[in-house]
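The structure appears right after this line, and notes come after that.
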There are 2 protein chains.
Amino acid sequence: MATEAGLLPHVVIVGGGFGGLGAARALRRLNVRITLIDKTNHHLFQPLLYQVATAMLMPGQIAAPIRQVLSSHRRANVLLGEVEGIDSENREVIVKTPEHGAIRVGYDFLVIATGVQHSYFGHDEFERNAPGMKTMADATKVRNKVLHAFEAAEGEPDRAAREAMLTFVLVGGGPTGVEMAGAIAELARLTMKEDFRRIDPQQTRILLVEAGPRVLGGFHPDLSTKVAQRLTSMGVEVLTGHAVEQIDDEGVTVGGERIAARTVIWTAGVTPSPVARWLNAPADRAGRVRVRYDLSVPGAPEIFVIGDVAAYEQDGRPLPGVAQVAMQMGAHVARTLAARLHNDAPPPPFHYVDKGSMAVVGRNYAVFQRGDIRLEGYFAFVMWSLIHVLFLALPNLRVSVFLQWVWSYFSGQRGSRLIVETPAAAAEEPVEVIRS
Amino acid sequence: MATEAGLLPHVVIVGGGFGGLGAARALRRLNVRITLIDKTNHHLFQPLLYQVATAMLMPGQIAAPIRQVLSSHRRANVLLGEVEGIDSENREVIVKTPEHGAIRVGYDFLVIATGVQHSYFGHDEFERNAPGMKTMADATKVRNKVLHAFEAAEGEPDRAAREAMLTFVLVGGGPTGVEMAGAIAELARLTMKEDFRRIDPQQTRILLVEAGPRVLGGFHPDLSTKVAQRLTSMGVEVLTGHAVEQIDDEGVTVGGERIAARTVIWTAGVTPSPVARWLNAPADRAGRVRVRYDLSVPGAPEIFVIGDVAAYEQDGRPLPGVAQVAMQMGAHVARTLAARLHNDAPPPPFHYVDKGSMAVVGRNYAVFQRGDIRLEGYFAFVMWSLIHVLFLALPNLRVSVFLQWVWSYFSGQRGSRLIVETPAAAAEEPVEVIRS
C-alpha cells in the first residue's frame, strides 16, 4: 500500500452528491483519512431541486453544507475545488481551487462520483433559452425566469406577446419534467391566483414535450398513462412522440409547428462528467465508465467510479442514474475498502436493491413502483413526501421542509417567490500554489 | 383632481420598503387605485439583512413577495421596474422595466419612498473590495465572501496569507456593523468550531472600525460602552476614532497602519436616491428632500416624500433614517390623502413617536433605548428577537424565522451556509413600449 510512514491510508472522494457523501459516511468506521472534493460547498438534494425552481422551497432548505455533514468525522477533510484531471501514474488528483489555482492531491484510494450535467445533444445553442436543472445555480436561474415571465406578462399590452410570456415549455418527460409541469401549474393556478390585476394566471399554458412514446419512460406504462391524465386534468398539455427541433428567443418548434414561448426548460438529457477521459478507461456509449464487479476501474483497483458516471449492468441491463444506486454504490466501496485494509475476503459483487421509484404531480398525487408493486394517488403522495423529508442530509432541513410543506399544503402559498439576481462574486486573482 | 372620468384617483408609490409598503397598506381603506413600483419583487426586512450575510437566515426568510403582501388589496397593482425620473408637469413617473423598456405611469398622487444606497464618500474604488449591505444581492455577495474566506484559509499553506484570509474588517460602527461583528464572531467561534481540519476558526480576527468616538453613536454613551465591552469579550477588536484611509486587494489602512485582510465590509455610509434631482426640490446637505409638515414637497402638494429620502426636523433635529420613521410617515400620508379626498380638515403635522431603538450583539445580548429608558443584556435580547419576528411582513416568515432562531440558539448551527454564485439571469432584449 502506498501509504507514507505513520500515515493512515488516504481516500480521496470526488463529488459530494449521493454517491460521494454516501461513501464518506460509510467510511467513517474505517481507519482512513478522507478528503472529499466538491465544486460547491453543499450537498444538493437534487430530487427536490424542481421545488426551488418553482419557488416552493428556498435554496438553503435542500442544500446541506458538506463540512457540517462531515463535521463530527474528524479524519474527513473537505476541499472546495473542481477536478480537472487525474494523474493515475502518480496517484494524484489535479484540482482547480477558486483560491489557490491548480493543486495536486495525492491518494491511496480514489472514489469518483462526479455525476452528470445536462446535455443538449449537440444543440448547445439551446442552452441560452432553455436552461437545464442540475445545480442550485440552474434552479435559481429557472426560478428567476419563471417568476419574471408573469411580471413581464402583467405589463405587456400586446395580446400575442402576453400569451407567449404565459407559455411554459418543458422539454423532457422524465420525472423532473413531469414534476416541474405539475409545480408550475400549481404556482400559476393556485399560488398566484389573486396576485395579478391585468393577467389571469389561470390562463397560463404549460406544455410537456417528450420525444419518446410516453412520459416517465422508466415506469410501467399504466403509471405513465395515469400521470399523463393527471397532468392533463391540471391543464398541462402533454405532447409525447414529439421531439423539439428548435429553441430560440421566440419559442420552440415541435413537430414542425412553432409555439411562441418565453420560458423553456430543458430536462431532456444528461451527459456524464469526463471521467473516462481522465482515466483513459473503457466507457459505454453514453460516456460512463464501465466498472468491474467491485466498482473499480479495470486495471486500476485503487480507483472506484460510482453513481451516474458508472456503467454497471445487472440482470443484463444498465442501472439507472438515480440517487439510490449512487448511495448503495458508495456503501459498497466502503465495504470493499474495509475488506482490503483488513485483508479479508472481498464482499460479493455489487448488487443493487431497488427500493422503488417515485414521481409526484402537484399536491395529492404521486406514483410509486417497486417490482410488481404499483401505487398511485394520494397515499403515494404522502409516502413520497415522508420519504423525501427523511432523506434530507441534516435534521434541521427535515424539520424546515416538512413545516414548509404542511404550511403550503393548507395555504396554497409557497416558500420563496424571490427574484434575486446575485452579482457574480467579485473575481479574485487565484494565487498559483502547487502542493504535492 | 386630475382623475379621468369614472376612474378612482391613482396613487403611485415608488419603493416597497417600510415606507412604501406602509403607505400601501394604510391606503387600503381609501377608495383609490394604487400602483406600487419597486426594483425588486420583494419587500426586504432590512434589519435582519445582516443575518443573511452571516448565513443565519436564508434570503427567502426575510423577503416577502410584494404581490403576495398586497394580494388581497384588489385595487393595488405592483409594477417591477426602476424609476428613472419624474415628469411632475405631466404627473408621470418614468419607469425602466426589465421587460418593456421605459414606460410612463400617470399619477394623481405620488408617494416616493426610495430609500438610500450605500455610499463610499467619494471613494467608489472601495466598493470592489468592501461591498455594502443594502440589498439582498449585497447580502448574498457578502455571505459568499465570508464563507469563501474560511475555505480559502483552510487550503492556504502560507501563514501570513492564511491570517489575512481569517481577518474580517467591518467599516462603520453603527447597528449593522456592530451586529455583523457579533454574528461573524459566532459564526467562526461557535458554528464552524468543528468544521475545519487545518485552520482553527477560533483564531479569526474581527475588527470593527468606527471613525466617530464610539460605536452606536445614535445610542446613549453608556450603551455604546457596554456594547463595545461585549464585543471585546467576544474577541472583536473595536477601533473607535479611526477612519479607514484605504481599502484595496491586500487589506485596509487605518490610522496609517496596514492591516492585511481579505474580507472588508462597508456599513459606514449611505446616500439617498436622487429624488431631489428628479423633483428639482430643496434638499438638505445629505441630499434628502426637505418636506413640508404633511410630508409633501414644497410647491407640489400631490407629491409626498417619506422614509430615508425625506429630511424632516422634529424638536430641532432631523429624524433618523430608520424603519419606524418610514412606517409612521407612510401611515401619515394615508391620513392626509383621506382628509383631502373626503374634504376633511388635514391631520395635524407629522409627528414621529419613537418606540425605541435596539441593537443586538450575538446571542443573549442586546441594547434597547427609548427616551430615558435603557436596557441591556439578556432581557433586551429576548425583546429584540420577539419584536423582529413580529414585524416580518408575512405570518409564514414569522414562524420560519422564529423556529430557525430557536433551533440555532440550542444547536449553535445556522440556517444557510450556502455558497451559490447565481449567474446573472439571461439577458433579455427589452421591448420598447411607451404607455401613457
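Please give the charge dipole size of the protein assembly as shown, origin at the Cα centre, charges +1 on K and R Cβ atoms and -1 on D and E Cβ atoms. Round to the nearest 20 debye.
2580
Dividing the convex hull volume of the Cα atoms of segment B:249-399 by its residue count, what figure in Å³ per residue is obtained?
Hull volume over Cα atoms, normalised by residue count, gives 217 Å³.
Assign unit charges at the C-beta atoms only (+1 for Lys and Arg, -1 for Asp and Glu), then state the dipole size of segment B:353-400 relative to its Cα centre in Debye, rounded to the nearest 20.
Taking the Cα centre of segment B:353-400 as origin, the dipole is about 120 debye.
Amide H of A:THR263: which non-local residues (sequence gap of 5 or more, or other chain) have their own amide H closer than 5 Å, using H built in the peptide plane?
A:THR167, A:VAL169
From the residues A:THR191, A:MET136, A:THR253, which one has its Cα farthest along the dipole of segment A:124-268 in the positive direction, the dipole being from +1 and -1 charges on Cβ of Lys/Arg and Asp/Glu about the Cα centre?
Most positive-ward Cα: A:THR191.
Return the FRET efficiency for the residue pair B:LEU394, A:LYS355: r is the Cβ-Cβ distance, R0 is 45 Å, and the value is rounded to the nearest 0.05.
0.75
If one takes the longest principal axis of the Cα atoms in chain B, at what angle in degrees, from 0 to 90 and to the nearest 10, does the Cα axis of helix B:378-390 lie?
Here the helix axis deviates by roughly 40 degrees.
Per 5 Å bin, what percent of the C-alpha pairs of segment B:329-421 does each bin hold, from zero upward?
3, 11, 14, 15, 14, 12, 10, 9, 6, 4, 2, 0
Ranking A:SER400, B:SER119 by Cβ neighbours within 10 Å, fewest first, what do you get?
Starting with the residue having the fewest Cβ neighbours, the order is B:SER119, A:SER400.
Using each residue's phi in segment B:186-203, evaluate 6.51 cos²θ - 1.76 cosθ + 1.60 at θ = phi - 60° and report the 3J(HN,Hα) Karplus result to the nearest Hz, with x for Gly and Pro.
6, 4, 6, 8, 10, 4, 9, 2, 9, 8, 10, 10, 9, 9, 10, x, 4, 7
Dividing the convex hull volume of the Cα atoms of segment A:124-268 by its residue count, what figure in Å³ per residue is obtained?
104
For segment A:129-181, what does the equivalent ellipsoid look like in terms of its semi-axes, each the square root of 5 times an eigenvalue of the Cα gyration tensor, given largest first in whole Å?
Calculated on Cα positions only, the semi-axes equal 23, 13, 8 Å.
How tilted is helix B:136-154 with respect to the longest principal axis of chain B? Cα atoms for both, answer in degrees (0 to 90, nearest 10).
10
How much space per residue, in cubic angstrom, does the convex hull of the C-alpha atoms of chain B take up?
Normalising the Cα hull of chain B by residue number yields 152 Å³.
So what's the angle, to the nearest 10 degrees on a 0 to 90 scale, between helix A:221-233 and the longest Cα principal axis of chain A?
Approximately 40 degrees, to the nearest ten.
Taking neighbour Cβ counts within 10 Å as the exposure measure, how do A:ILE199, A:ILE62, B:ILE306 sort from fewest upward?
A:ILE199, A:ILE62, B:ILE306
Which of the peptides B:139-150, B:289-300 is most tightly packed, and how do the rest follow, judged by the mean count of other Cβ atoms within 10 Å per residue?
B:139-150, B:289-300
As a check on your grasp of the helix formula, calculate [θ] at 222 nm for chain A: sum -39500 (n - 2.57) over DSSP H runs of n ≥ 4, divide by the residue count, round to the nearest 500.
Computed mean residue ellipticity for chain A: -8500 deg cm²/dmol.
Lys pairs in chain B, Cα-Cα under 22 Å, at least 8 apart or on separate chains: how many?
7
Put a label point 7 Å from Cα along the Cβ direction on B:ASP248, then list its distances to the equivalent points in the other copies in nm, shortest first.
With the label placed 7 Å along Cα→Cβ, B:ASP248 yields 5.1 nm.
Shortest first, in nm, what separates the label point of A:ARG159 from those of the same position in the other copies (7 Å along Cα→Cβ)?
7.7
For B:TYR409 and A:ASP222, FRET efficiency with R0 = 35 Å and r from the beta-carbon atoms, rounded to 0.05?
0.10
With just the Cα atoms defining each centre, how far is segment A:259-332 from segment B:41-92? Give it in Å.
So the two Cα centres are separated by 44 Å.
Measuring from a point 7 Å out along Cα→Cβ, what nm distances, shortest first, does B:GLY377 have to its partners in the other copies?
6.2
What's the FRET efficiency of B:TYR378 with A:ARG104 using the Cβ-Cβ distance as r and R₀ = 56 Å, to the nearest 0.05?
So, using R0 = 56 Å, E works out to roughly 0.65.
Going by the alpha-carbon gyration tensor, a ≥ b ≥ c the square roots of its eigenvalues, is the protein assembly as shown rounded (a/c under 1.5) or, if a/c is not under 1.5, prolate (a/b greater than b/c) versus oblate?
Oblate is the answer for the protein assembly as shown, as a/c is 1.5 or above yet b/c matches or exceeds a/b.
So, in nm, how far is label A:ASP284 from label B:ARG292 when the simple model puts each one 7 Å beyond its Cα toward the Cβ?
So the two model labels end up 7.8 nm from each other.
Under 8 Å for C-alpha pairs, at least 6 residues apart: give me the relative contact order for chain A, rounded to a whole percent.
Worked out over chain A, it gives 20 percent.
Over segment B:124-268, calculate the relative contact order: mean separation of alpha carbon pairs under 8 Å at least 6 apart, over the residue count, as a percent.
This gives 33 percent for segment B:124-268.
Could you go through segment A:26-43 in sequence order and give the Karplus-derived ³J(HN,Hα) for each residue, using 6.51 cos²θ - 1.76 cosθ + 1.60 with θ = phi - 60°, rounded to whole Hz, and x for Gly and Pro?
5, 7, 3, 6, 8, 7, 10, 8, 10, 10, 9, 10, 9, 5, 10, 8, 10, 7
Tell me the Kirkwood hydrodynamic radius of segment B:66-107 in angstroms, computed as one over the mean inverse distance between distinct C-alpha pairs.
11.3
Looking at segment A:229-277, which GluC sites (Glu not before Pro) are DSSP coil and have at most 16 other C-beta atoms within 10 Å of their C-beta?
Here the sparse-neighbourhood loop sites are A:GLU250.
Sorting B:ILE373, B:ILE66, B:ILE112 on the 10 Å Cβ count, fewest up front, what's the list?
Going from sparsest to densest Cβ surroundings: B:ILE373, B:ILE66, B:ILE112.
Apply the Karplus parameterisation 6.51 cos²θ - 1.76 cosθ + 1.60, with θ equal to phi minus 60°, to every residue of segment B:260-276 and state each ³J(HN,Hα) to the nearest whole Hz, in sequence, with x for glycine and proline.
6, 8, 7, 10, 10, 10, 9, 10, 8, x, 10, 9, x, 5, x, 5, 4
Could you point to the residue in B:PHE168, A:PHE45, B:ALA276 farthest towards the positive end of the protein assembly as shown's charge dipole, with +1 and -1 charges on the Cβ of Lys/Arg and Asp/Glu respectively?
With unit charges placed on the Cβ atoms, the residue in question is A:PHE45.
Quick note: the coordinates plus some simple rules give every number you see, no bench work behind them. Computed from a predicted model, the values in this text were never measured in an experiment. Glycine also receives a Cβ, built like all others from the backbone with ideal geometry; neighbour counts cover every protein chain displayed.
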